[in-house]
Structures are given as structure tokens and as C-alpha cells.
Amino acid sequence: MDVDLPTDGPCNVANRPRSTSPPPEPTETTFAGVANSIERAIEHDRTPAGPSSFAWNQCRDKDISARVSIKQQAVDDALKCLLEIRDEILTATSNETSSSGHEASDNLWDQDVVIPWTNEIAELNQKHQELEILVGVAGQTGAGKSTILNTLLGVPELLPSSNSEASTSCACKVSWNRDNSPEHRFRAEIVFRSREDVAKELEATYKEIRDRNAYVEDEEDDDEDKMHQTAEMEAQISEGLKKIFAVWGVKEEELKDITAKSLLESNQDVLALLGTTKRISSADADEFSETVKPYIDASDNTYGFKAWPLINEAKLFVKANILKHGLVLVDLPGLADAVESRAQVTERFLQALEITAIVVPARRAVDGKTGVQLMSDYQAVSMQMDDKFNKKRFCVVVSQIDEIDCDIFVKSTRSLKTDQALQEENEEVKRLTTSLHPIETQIKTEQKNLAAMDLKLNNYESELKALTPSGPGSQKLKNGLKTRKNVLNKERKKQKNALRKLGNSRTGIIKDLATVEGRLRWACMRMNGERIAKAIRSDFKERQKKLLNKKIKGAAAAASGALYDGSVEVFPVSAMAYRDLLKPKKVSGFPSTVYTGIPRLGQWIRATTLDKREDHLNRLLNALCRLFHEMQSWSTIQDGSRRIASSRHKIRDLNPLGDINARLQACAKVSGMAVTRWAVKYPEDKTSSLLMHWCTFAAILRHNGGPYTTTGRNRRSYDFPLALSAPLLQLIAKDWFTVFHVEIPATEKPLMDTIDASWETYLDDLRAQVQAIAPGVLPQLEASMPAIRAVKNEIRDKIHKALEDLSKSSSKIHPQFVKTLKEKLNPIFAGALEEKGENHFPRRRLYLRNRVKAEWKLCHAGFTRMQERYIQNVGRLAHEFSGISAFATDKVKGQIALLLNNFQFEGKNNKGSTRDERKMLLQLRLGAMVMKWLGNWRAPKQDVRPLALEDVDIPHDFVEEGNEAAEDVEDGQDGIGNENGQADKRDLAEAYGGYNPSIKTEEDQSAMQTD
């Protein structure tokens, strides 16, 4: 493959007409005053600006956080200037067209130069805004995915959450909200499914009902078999019925009188929604959450019309800092979801994610499945082939770490029984709790006594008021009552003082108890988190080792060793504790938000995506740099192919499938074992041979092998084609990974070296031609060199992007194997179901094993389709390189045209002079804007801050001073309050969220959104 650069010399300089007319003198009445003032404003800096003088090109020695911040500022500054330049150009060309009476297509002064700039400015701005780095969060139902995402976003109830049932009905993408109007602070785009898709699902539910009814009437199976089989069928039907009732309000008994088509057409409002996109906006977070809930919440927490069965995708837009620069958080339906449609949504998105975070609750992280085990073998192999099953693209989040009974944990954990410090803390909790009970009892007794005294005093007071003022003995009686009242008052005072002392003792014990319980609770949560993390890392290491079953050598080892070292990031978190601390509120065991693990998770997500952001910014900056030099050259008013053949790297000859014949021979052995384990109840446990129930096996076959999920408390998902694909793809996984993620990227450096060397040769030839033809133009040519070199940088970017896209195409090729396999397996599944009668379960298993082992074409067809796709993608690469060649030729010609442009004038007739004056005025105005742009790039704002990579690691020790964190928020001490002594809640919410419901004013919200 070759990359062509200009072959016809420097824009045929010898043939370019040159004007001998001097530039027109500026007329005082037209533009001289404006021109002279602008000229004086920019005269101080006429030196050509090369990329080496820009701050963003001088930060290579800084860490990636600082580099990204500097480059982000450079892009923002450039785009801001360019949008102003675009408006100026459009205004000038509009005035020119109206004043001349010509259409824009008449090519009035340099419109063929400046109009394309406006289009390119719009394209670059759009490209910057469309950056998406997808970070997906997946896990089982009730794992707390949505709650964690809400916490990272800073909006507590944005996404629906439920501990007992699936809440997320579709994939919810949460992106940065670019709409700054107050009424659109929160926005959503709800994408509805197509009519065909909904109709197909309704027909499937109707078919399942018909199949169940037919099976019940079938007399071939006995009653017990029918009971088990019918239960399986009912479980699958129930989900379809739930959707029908949610949308149409129709129950099963009513369906017998209406067809699927009639049901769909019975509600015209529903039909009007299908295939459309609904837009929702609000200024209030709570109102917005309630409005979108019927569309994305599949739980029973919503009332009235529920649209979630009709939704294909939900796109939410929020001003949360974690999203500000292209990062998109994706809330996925649960892994191993009982609903096939939701499971397929998760499967599809996993291929598109840059980072995958698997959420597993602490209570199920070890006794149940670790986050690594939640992924199927196929998902793990697929991620490995896509270079995503490593510590930079995969993590496990252990949620709900605060759901722990410390007493049970200390007693049941063997290693803690010998931990003297922890045992002492536990005993101290018991001692303080025990000492609190008698004080509580005594306080209640004293309170009752005090209440009795108060009642007695009230009675004395009533008797005194009832006494008549005269009469024998009345004064004596009155004095006696007063004496008794005074005595009782003294006793009451003593009683009250004693009660106060008891209260103080109780307060002291409660405070001590809270401190000790906090320390104990934190120690238990930390130790439990470490125990879980150790198990997860062990599982991950074993699984990664299994996927890379052969040692990678040479360049591949150097490229992959750092990422594939068997380690993985594990984040124990408590989203609820983090949310409560922001209120602010004390939370036992969490002295500050750092202890919740949420800041560490948020920082890791932002930090691990910095390389993607930098790649994006580098491509933009190279394009902006070239555009800058073009504009600088055009706006500076003056006084007076070669073929680069790249090394023909034999990408086409690379073979990601390895030795096909050897693979096919191995397929028979591997497939036989895989098919045998289809009937195993726990297929992921290689030590288990316990078979599933025969009716579950039959249900899976009726669903074409899956995906199929059982119902009940212990739901299990099965997918026979994927289970077979995993070991078959593992045969090629190492070669596939090496070709796509090592060898193809390795072709880039020699290709770039060739381009660099050839480009310098081209520039030397260009100088020589100009020297021979028009030596007076050489100074201007040298001034234009930065722009011409900027074209080379864009070529490098385009080649890098083309090779990167080829590597990424891996994720779209290997799913073709699964698709082909499913097509070939469907008739085999149907054939197995024909095995009926006595002992049909073992006969079906034997039938499947023999047929799959005999059908070696199953693998051959899949591998062939993968190879064809690979060859197609390599062919597209050749076309992309041809397009890069055309781009290079066009841009270099444009640079030479700009160089000669300012030496040509229309003559001194009045019409030409006026037009030239307008052109020169626009040049001066654009020149001032370009110089402002140059100033920003040479000396960026001093307040450019890198991503705050502060220490957010969860502390090992419980710092008791941290218990006062909530009080400090209230009185403005210890650095998180402001100078007025009020808590600055922005500091708490800003780091990893954005919106804080306790900040009500628009000014506060916008200030908080500063990155």
C-alpha cells in the first residue's frame, strides 16, 4: 500500500500567472482607519509561528494528566477563535455577494479559499463534540449499578434502582449536556423500537403460549414431566405477558380473543411512538427523574402507562464533570438477566465499550460469583480478542461494602479470631453497649419520677388557686401547701441534676460507642474488601492466563506484558455512604468520602481514559495547526508529484487465524467436550458434572440453544452457541490478538519514518523549484513551511487512525463466527427435539454430540467468514490510504495557492480596487483574530489545571479525627468550608459529580461545573 503525495510539483509555480501591479493604496474613506488600527495591534508579532513554539507541542515531558489539560485548553481556545473567524467570513462573503450582484458561485475574491474554511471549522467543532468514550457498568440484578452511576454523576435518583428486581430495562447512555439553557439542565432522548421489532416480539410470546397449550394437551409425557416442563414454559411466557400488560393493560385470558397484530394496532398512541425519538428536558433533577422513569424503569416502582418495553435506547444528558470531555457512562441491564432481550442488549454493548466495569455486591462476591466469574467464557474470550480484558480496560466494583454485620463477620472469619486488636475492638463495643443499658433504664426511671413530681406540683398549684382568701385556717393551709411545694421543688431540682448527669454519661458512652463502632466497622469492611479483592484477582489471573495459553514472545511480549500481567483493579465502594456524607451527614465507619471508594473509582475512570482523550486531541490539534497556518498565510498582506511510497507492509499476508487446517482438526475434539457440557447445570464449574433438569435442557433447545435464563431465586443463563464458540475461538485467540493488537500497530513506525524522510525530500525539491523560477518568493515560502509541515502531521494522524481502525475492526469480525455457528446449529437443535419418548434426555445429548463432532463445516464456515471480513477490511485500508494521498495533494496545492494569492491583484480599476479593499480589510480582521489565537497557543491561560489526581486511595487506618468531618462542613473548618464559615458543598460534589441538589442557584451550579 502506498501513500501518494503531490506529484505535479509545487502547484506548477512556473505556470501560475503573476501580477505586476502594485497593491492598491488604501483609501481613507473606506477602510484605512480600521486597517491601520488593526495593523498596529498585530504589528508587534509578525514572526512565523511554528508548532514548536506552541505550548501544547512543548509538553511531551509532562505527565499525561498535564498534557491532556494543556491540549484541551489549546483546542478550546482554537475553536473559540475559529467560530469567530467563521462568523466574520460569512458576514464578509454575504456583504460581497450583495454588493457585487453576483452569486457566491462566481468565485468572488478568494471565496474558493475562505468558504471551505467555514465548512472545515464546522466539521472540526462537530468532531470534537461527538467524541464518545464509552464506559459500561454491568452486573447482576440488585448489584447497585445504577446507584453507583448516580453517585458518580452527582444526581441521586437519576437512573432507576431496585434491590430486588431488574430496574434498567434498556441501555442508558449518560453524556455531557451541551445545552446551557436553564430549562434544559437535564435532557433525554428516548429512542423507541421499530414497529417490526415489537411485532416480532409479540408473535414470539403468542407462539410460546400456543406451544405451552399444545404441550399440556399432549398425552405422550406423564404428568410429572408435564409439571416440570410446563413450569419452565410459564416462566418464559410471564416476561412477555408482563410487557403486554405494562403497555396495553391486557392479561393472558384476554389474549385468546385477539391476535398479536390486532393487539399492536389496538393502541394508536403506542403505534405513533414506535420508530420515533421522544425528547424530554427539565431544570429540576427530581422532576426530570420522575418524567423519564416510565421509559427506562422496568420495576413496579412506576404507575400508569409504562413505555419501557417499547424502548430501544435512552440517552440522558447531564452537566456532570466526569462527562465533560467525551466520557459516556452506560448503565447496562443485568448480566445473566432472565429476560432475553435485556441480556442481548448487554451483550451488544460489551463489544462497543472502551472500559467495562462489572459490579458485584459484597455479600455475593465470594460465596456467589466474583465479578470475573459473572462473565461467560465467550465474553471473556471476545474481550481478550479485542484487547479489552486487561487492567486498563476492565475492572470490578464491589458494591454495598457497608452491608456487613461486624459481630458475625468477626466470629465467622477464621483469620480474625487471632487478630487481637480487632477482638479488643469488638469486646469494647460489647462492653459499651452493655454499660449503656442500665443507664438507659435508670434514665427512664428518673424521667418517670420527674414526671410524677411535675404532676404533684401542678396539683399543689391547683389547690393553692382553689383556696378562698379568708376564713379560719385558710392561711395555715395555704402556708402548708407552699412549704410542701418548695420541698418538692428542691427534690425536683436534685432529680433534674441527676438526670442531666445520667444524660451526659449516656452521651459520652454513645459518642465512645460510635467511635469504636466506626473503627470496628471500617476494619471489618476493609478486611472484607481485601478478602474479596484477593479472590477476584486470583480468578482474573487464572482466566487471563487461560486465554493467553501460550507465552507471547518478542515484540508482542513487550507490547502486552505491562497490561496482561494478571492484575486487575478492584474497587470496594459504598455509594449510599458517599451520598449521605454529601448531605452532610455522619455515617458510621466512614470518616470522609475517601473511605467510600467512590472518589477512587471516579478518578480511575477519568485517568484510564486519558490516553483516548489525548489521541483525539492530537488529531484535532494537527488539523487546527494546519488551518492556523493557512489562515495566517492568507491574512498576512505581502509587499511585492512527488510519490512517497511507503514500505509495503504485508498486512494482507498477516494471518490472524493461524493454521486453519490445524484449527479444524482441533475443533472436533474441542467441540465434543463443549457439547457434552451443554447439559451440565453449572458449566462454568469444571469440577462439576451435575446435569440440569431435562425440561430446562428442552427449553434451551426450543430457544435455538439460547440465550435462555431460568427463573426463580437462583437464576442461571445458558447459551449453547456461545458456550461452543468460546473454546473454538480460544484456539485462535492468541494469534488473533497478536496480529490485531501487536503486528498491525507495529507497521506504523516504519511507515511514519518513510513519510518523514520523503516529506523532507519533497520540501527540498520545492525550495529548489521556487529558487529556479521565482527566487523572490523564497522568504514567503519559508514562512509557509509550518503550514506545509502541518499537512504532514495530519497525514500521520490519518494513517495512525486507519491502522487503529483496522485493529479495532477485530470486535466486528469475530462475532461473525458466532453468527455463522448459530445458523448452522439451529437445524441440529430442531433435530434433537425430534428425539422423544422414554430416555429422550440422554438420546438428545448423544444426538447433539455426534452431529456437532461430525459437522466440521461448522467451524470451517465460521473461520471462512472471519477471514473474508479481514480481507475486506484490509482492502478498505488500501482505499483509505488512497484517500490520504488525495488529501495530501489537495492540501499542498492549497498551501502553494495561498502563497501566491497575496501577490495578485485585480488591477486599479475602481471595481477591482474596491473589491481588493474589502479583501484586505477582511485579511486584517482575520489577521487580528489569528494573532489572538497565536497568543493563546503560545501562552495559555495560567489557570489551566491538570486533572486532579490527588490521593484518593482508601486509607488503611481509621482516622478518628475524620469523624468530625460532617461537623467541619457545618462550621467551615479544616479546608472544606469557605471563608465565611459556610460549607462549600461544591468541593464535595465537584470532584466526581456535577449536580448537587443542595445547590439551588444557577450561578452556583455553573460555578460547580468548571472542570
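The values are calculated or read from the model by the stated rules, or taken from the named source; none is laboratory data. What you are looking at is a predicted structure, and each value in this text was computed from that prediction instead of being measured. So basically every Cβ, Gly included, is an ideal-geometry build from the backbone, and we count neighbours across all protein chains shown. Heavy atoms of the whole protein, side chains included, go into the accessibility calculation; ligands, DNA and RNA do not. Shrake-Rupley method; radii C 1.70, N 1.55, O 1.52, S 1.80 Å.
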Quiz item: Given a Förster radius of 45 Å and the C-beta distance between Lys465 and Lys501 as r, what FRET efficiency does 1/(1 + (r/R0)^6) yield to the nearest 0.05?
Solution: 0.85
Quiz item: So, by mean Cβ neighbours within 10 angstrom, what's the order for 580-587, 143-150 with the highest one leading?
Solution: 143-150, 580-587
Quiz item: In the full protein assembly as shown, how much of Glu130 is accessible to a 1.4 Å probe, in Å² to the nearest 10?
Solution: 110 Å²
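If you stretched the chain out fully between Asp76 and Glu265, how much longer would it get, using 0.36 nm times the residue separation minus the C-alpha to C-alpha distance?
Extending this stretch completely gives an extra 63.0 nm.
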Quiz item: How big, on average over all directions, is the shadow cast by the Cα convex hull of region 725-787, in nm²?
Solution: 6.3 nm²
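If we sort 718-727, 321-330 on the protection proxy, mean other Cβ atoms within 10 Å, highest first, what's the order?
718-727, 321-330
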Quiz item: Considering only DSSP states other than H, G, I, E and B, which chymotrypsin sites (Phe, Trp or Tyr not before Pro) in region 798-900 qualify as loop sites with at most 10 other Cβ atoms within 10 Å?
Solution: none
Self-check item: Heavy-atom SASA rank of Asp77, Asp112 (probe 1.4 Å, accessible area, largest first)
Solution: Asp112, Asp77
Quiz item: If packing is taken as the mean number of other Cβ atoms within 10 Å per residue, what is the order of 118-127, 348-357, highest first?
Solution: 348-357, 118-127
Quiz item: If you wrap region 436-524's Cα atoms in a convex hull and average its projection over all directions, what's the area in nm²?
Solution: 6.8 nm²
Quiz item: In terms of Cα to Cα distance under 26 Å, which lysines are near enough to Lys411, apart from those fewer than 8 places away along the same chain?
Solution: Lys369, Lys430, Lys511, Lys534
Practice problem: Multiply the residue separation of Asp454 and Ser238 by 0.36 nm, subtract the distance between their alpha-carbon atoms, and state the gained length in nm to one decimal. | Solution: 71.3 nm
Quiz item: If you take the alpha carbon radius of gyration of region 789-883 and divide it by 2.2 N^0.38 Å, what ratio comes out, to two decimals?
Solution: 1.76
Practice problem: Please list the non-local residues whose amide H lies under 5 Å from the amide H of Val587, H modeled 1.01 Å from N, same-chain partners needing a gap of 5 or more. | Solution: none
Quiz prompt | FRET E, pair Ala421, Lys541, Förster distance 30 Å, beta-carbon r, rounded to 0.05 | solution = 0.45
Exercise. Could you please put Arg579, Arg60 in sequence from largest to smallest accessible area, using a 1.4 Å probe?
Key: Arg60, Arg579
Self-check item: Using alpha carbons only: equivalent-ellipsoid semi-axes of region 683-764, gyration tensor based, whole Å
Solution: 53, 13, 10
Quiz item: Any idea of Trp308's accessible area? Nearest 10 Å², probe 1.4 Å.
Solution: 10 Å²
Practice problem: Take His814, His184 and sort them by solvent-accessible surface of the protein heavy atoms, 1.4 Å probe, largest at the top. | Solution: His184, His814
Self-check item: Distance (nanometres) between label positions extended 7 Å along Cα→Cβ at Lys493 and Thr434
Solution: 3.9 nm
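Can you give the FRET efficiency to the nearest 0.05 for Leu481 and Ser588, using r as the Cβ-Cβ distance and R₀ = 56 Å?
0.60
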Self-check item: Relative contact order of region 733-867, pairs being alpha-carbon contacts under 8 Å that are 6 or more residues apart, as %
Solution: 28 percent
Practice problem: Calculate, in nm to one decimal, what Thr91 and Gln351 gain on full extension: separation in residues at 0.36 nm each, minus their alpha carbon distance. | Solution: 89.0 nm
Practice problem: Give the accessible area for Arg796 in Å² (nearest 10); use a 1.4 Å probe, count only protein heavy atoms, and leave out ligands, DNA and RNA. | Solution: 70 Å²
Quiz item: Once you sort the root eigenvalues of the Cα gyration tensor of region 728-887 as a ≥ b ≥ c, which label holds: rounded (a/c under 1.5), prolate (a/b larger than b/c) or oblate (the other case)?
Solution: prolate
